[in-house]
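One structure below.
Coordinate-derived values only; no laboratory data. This structure is a prediction, so every number in the text was calculated from the model and none was measured. Cβ atoms come from the backbone with ideal geometry, glycine included; neighbour counts cover every protein chain shown.
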Amino acid sequence: MENQKTDMEVQLSTTLLIFLTTTVLLASTTAGHFFPPTSDNTDYIRTSCESTRYPQTCFNSLSGYSATIRHDPGRLAQVAIHVALCNATHMSNYVSNISRRADAGNTTESAALNDCSSVFGDAVDEIQQSQMEMRRLGWTGESVKFQLSNVQTWMSAALTNEETCTDGFEEVADGAVKADVCDRVVAVKEVTSNALALVNSYADTISA
């Protein structure tokens with residue numbers, strides 16, 4: 001009984017050590033600080049970002065991950081999706097919070113905020129699906145090209161949902177809330193658009 005307990009304790013300790021080690025490595029890699037960045041890596045990102053619609057936003061949002069990305073277009077696309085997801089999630093939470101505090105008397109603004117909250121929730125789900133599919137590339141038995149086409153579809157749908165949010169404010173009178181929300185959405189749309197462009201660029205390098 002005593003030996004059995006000791007074996008169990010050893011197994012638990014080993015499992016915990018593996019989990020903690022993996023978590024630390026993933027966190028460090030995602031943060032882009034596991035390897036020291038080099039100018040060569042950032043140059044690669046700057047060049048890659050030239051294919052996007054918002055190259056400066058692209059470089060600013062991804063250069064901090066240069067040591068993780070290095071010269072890998074797949075990693076570049078995956079990190080870009082991660083950045084888009086972080087921004088979309090933050091925006092979704094933000095607009096959800098302010099929609100609950102919206103002026104009930106201003107029905108047009110309240111409706112626009114509620115709609116924006118709904119479509120941003122959808123955008124977050126679609127970017128999450130894209131992120132999961134990128135992590136499964138080559139592991140599902142499906143062709144990588146087919147998997148990337150799914151990612152392209154979801155990222156495009158997410159971008160459409162984000163644009164739908166600002167479209168909903170067209171009938172809302174100009175004011176602080178409208179300006180604030182629309183400005184924030186524009187910033188999120190830029191990183192989502194860039195992520196889609198980088199996925200497209202990566203897909204072009206895959207033959208099957």
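The table below gives the values:
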| read-out | value |
| --- | --- |
| Q56 paired with S110, simple spin-label distance in nm, labels 7 Å along Cα-to-beta-carbon | 4.0 nm |
| Relative contact order of the stretch 32-203, defined on C-alpha pairs under 8 angstrom at six or more residues apart (%) | 30 percent |
| Residue exposure sequence - F146, F59, F120, F169 - by fewest surrounding Cβ within 10 Å | F146, F59, F169, F120 |
| Cα→Cβ-extended label distance, 7 Å offset, between T140 and D180, nm | 3.9 nm |
| Projected label distance in nm at A187 and S207, using a 7 Å step from Cα toward the beta-carbon | 4.4 nm |
| Additional length obtainable on full extension of the chain from H71 to M132, 0.36 nm per residue less Cα span | 19.8 nm |
| Cβ crowding within 10 Å averaged over residues, with 62-73, 177-188, 132-143 ranked highest first | 62-73, 177-188, 132-143 |
